[in-house]
1. Could you give me the residue pairs with C-beta distances under 6 Å whose first residue belongs to the range 190-204 and is part of a helix (DSSP H, G or I), whose second residue is open to solvent by 30 Å² or more (accessible area, probe 1.4 Å) and of a type in the set (Val, Ile, Thr) wherever it lies, and which are 6+ apart or on separate chains?
2. Return the residue satisfying two criteria in turn: it lies in the range 208-231 and is open to solvent by 20 Å² or more (accessible area, probe 1.4 Å) and in a loop (DSSP other than H, G, I, E, B), and of such residues it is nearest to Ile70 (Cα to Cα).
3. Looking only at the range 232-260, which residues are modelled with pLDDT under 95 and either within 20 Å of the chain's Cα centre (by Cα) or surrounded by fewer than 18 Cβ atoms within 10 Å (Cβ to Cβ) (or both)?
4. Of these, Val82, Val29, Val71, Val2, which one is among the β-branched types (Val, Ile, Thr), at pLDDT below 90 and either within 24 Å of the chain's Cα centre (by Cα) or not in a loop (DSSP other than H, G, I, E, B) (or both)?
5. For the range 152-207, enumerate the residues that are at pLDDT below 80, open to solvent by 20 Å² or more (accessible area, probe 1.4 Å) and acidic (Asp, Glu).
6. Can you pull out the residues in the range 264-317 that are of a type in the set (Phe, Trp, Tyr), assigned to a strand (DSSP E or B) and touching a Leu at 6+ places or on another chain (Cβ under 6 Å)?
7. How many residues are out of contact with any Lys or Arg (no Cβ under 8 Å at 6 or more places or on another chain) and closer than 25 Å to Leu213 by Cβ when one looks only at the range 286-302?
8. Would you pick out the residues in the range 261-296 that are surrounded by 11 or more Cβ atoms within 10 Å (Cβ to Cβ) and among the hydroxyl-bearing types (Ser, Thr, Tyr)?
Amino acid sequence: MVKQILCFSALFLGLATTVKAQQTEKFSVATLNVDGLPQKILVFNVNAAGPGAEGSSRIGKYLQKKGHDIVCMQEDFNYHGVLSPWLEDDYRQDEWSGGVYIDNPEEKIDLLHAQNTQFKTDGLGACWKNNIVLSSTERVAWKETFGKFSHAADALVTKGFRRYELTLASGVSLVVYNMHMDASSIDDEKEGKDTPDRAARLSEWQQLKDDVLAHLDTRPVIIMGDLNSYYSRDQIKAKFIDAIAASGKGEAYDVWVELEKNGSYPEPKEGPVFTDDPANMLDGEVLDKIIYINPTTGTKIKAVAYTLDTEGYQYEGKMLGDHYPVSATFEVVDSKTTAIETMEATSEQSSEYYNLNGQRISEPTKGLYIENQGKESRKRIIK
């Protein structure tokens, strides 16, 4: 939770000020695959064991209760309408890119040429507390994927990543990536047929690395998502972690490796690597990851907590989706913040105001708030 430390002199003098992030300033992030593919299309079972509408509503309620500052979701397809309402009061939400519908009048499927089928949705979604300001976002498709009616059907939807530029209530700015990488089916791995899946993921890791380095400045970067990758199976460390360091622009850290493995990355293994564990765990590692990058010059953050929620993400003894949520708490250890404006309190203020906890305020009095006017957001001290 962002620590509420105000510069009281600015409240009375009306001077523009900068709120300096303190050593103990913290914020939390989470990532989870919400398993939102439809349970059935026409008479065909697609995701019969998935949460469906009722389970997706429970996932939304779970996220509301957890109250993480930033949440990234994957496979937010057909049940967005029952999941997202739980987040409306406390969060701003990213644009939904649609579900998987073969009867969508705006995107008709040519059944005679099914091989050309690709749904335009990426299934990605994110939300951030009302006290966090979004300055820009971009959606990028992977250049390479594999498998449309086999190999986990990755190419059937428009997988990729989304990049968000966010500013915390304190004025600390971050860049957050949300993504879903190519999957390998357990059967393909067991039979040694997942080579093209691994090649597609390697291409995606390299594309991600190139995008990160192209945009890396003085802001820390947080990468989250269903990466469908194990360190023992994919060349994550060599092609991404080490490549970021070799650029001289920053240092990358995996939160799980840093906090649960004492900084020791799992060694690559030859041959197929698979797990029948329902949580997709392999020696404690899961497919969902949180990686962060500190720029060489600029704001620095540090991971102080990591959680794989195997207990809270349950209903009647069963996992709500097919992945347990992964979350992390970060501490700002060195920061650059943006200026905060001051203004007089009036009785005719038409903007929306939120306190530092992201809660809507009907009539702001003296204090520090986040003001939203449509797409424009700013931090103001009301004096």
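1. From the range 190-204, the pairs are Ala200/Thr145.
2. First, pick out the residues of the range 208-231 that are open to solvent by 20 Å² or more (accessible area, probe 1.4 Å): 209-211, 213-219.
Retained after the next criterion (residues that are in a loop (DSSP other than H, G, I, E, B)): 216-219.
Values: Leu216: 20, Asp217: 21, Thr218: 20, Arg219: 16 Å.
Only one residue fits best here, namely Arg219.
3. Keep residues of the range 232-260 that are modelled with pLDDT under 95, which gives 232-235.
The one that is modelled with pLDDT under 95 and either within 20 Å of the chain's Cα centre (by Cα) or surrounded by fewer than 18 Cβ atoms within 10 Å (Cβ to Cβ) (or both): Ser232.
4. Numbers: Val82 fails: at pLDDT below 90; Val29 fails: at pLDDT below 90; Val71 fails: at pLDDT below 90.
It is Val2.
5. Of the residues in the range 152-207, the ones at pLDDT below 80 are 152-156, 185-193.
Within this subset, residues satisfying the condition of being open to solvent by 20 Å² or more (accessible area, probe 1.4 Å) are 152-153, 156, 185-188, 190-193.
Residues satisfying the conditions are Asp187, Asp188, Glu191.
6. From the range 264-317, those of a type in the set (Phe, Trp, Tyr) are 265, 274, 292, 306, 313, 315; that's our starting set.
Now narrow it down to the ones that are assigned to a strand (DSSP E or B): 292, 306, 315.
Tyr306 - this is the single residue of the range 264-317 that is of a type in the set (Phe, Trp, Tyr), assigned to a strand (DSSP E or B) and touching a Leu at 6+ places or on another chain (Cβ under 6 Å).
7. Of all residues in the range 286-302, those out of contact with any Lys or Arg (no Cβ under 8 Å at 6 or more places or on another chain) come to 286-293, 297, 300-302.
With the extra rule that they be closer than 25 Å to Leu213 by Cβ, the set shrinks to 287-293, 297, 300-302.
So the answer is 11.
8. Tyr265, Thr275, Tyr292, Thr296
The values are calculated or read from the model by the stated rules, or taken from the named source; none is laboratory data. Just so it is clear, the model here is predicted, and its values are computed rather than measured. A quick note on method: Cβ atoms are made from the backbone with ideal geometry, for glycine too, and the neighbour counts reach across all protein chains shown. Only protein heavy atoms, including side chains, enter the accessible area calculation; ligands, DNA and RNA are left aside. Shrake-Rupley method; radii C 1.70, N 1.55, O 1.52, S 1.80 Å.
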